[in-house]
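In what follows, a structure is listed as structure tokens, so that the remarks can point back to it.
The values are calculated or read from the model by the stated rules, or taken from the named source; none is laboratory data. A quick note: this is a predicted structure, and the numbers were derived from the prediction, not measured. For neighbour counting, all protein chains shown are included, and Cβ atoms are generated from backbone atoms with ideal geometry for every residue, glycine included.
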Amino acid sequence: MYVIKVKGVAKIPDYVQLRDEAFTLLAYFRVDRPDKSLEKIGLGDKADYIMQIVTEMPFGQIKKIDV
């Protein structure tokens, strides 16, 4: 799975994209509101791990993670 952290501009907030190995979009959520999106794709139990990686990542970077 790949994680991409996108910097918002003006009134658009910062977002996170989760993509699979084929780079298909699995989830797209605000950095400050990940809960519903992660629950929806079955990763609610991994939310703390994913958000720890997201908070440490710089904007615009793509990072591969194993979940």
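Data overview
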{"read-out": "Yes/no for L18 being farther than 19 Å from G60 by Cβ and surrounded by 13 or more Cβ atoms within 10 Å (Cβ to Cβ)", "value": "no"}
{"read-out": "Hits in the range 2-31 (condition: of a type in the set (G, A, S) and at pLDDT below 95)", "value": "G8, A10, A27"}
{"read-out": "Identity of the residue in the range 1-36, touching a Pro at 6+ places or on another chain (Cβ under 9 Å) and among the β-branched types (V, I, T), that ends up nearest to D48 (Cα to Cα)", "value": "V31"}
{"read-out": "The listed residue being under 10 Å from the mean Cα position of the chain (by Cα) and touching a residue at least 12 places away in the same chain (Cβ under 8 Å), out of I41, I4", "value": "I4"}
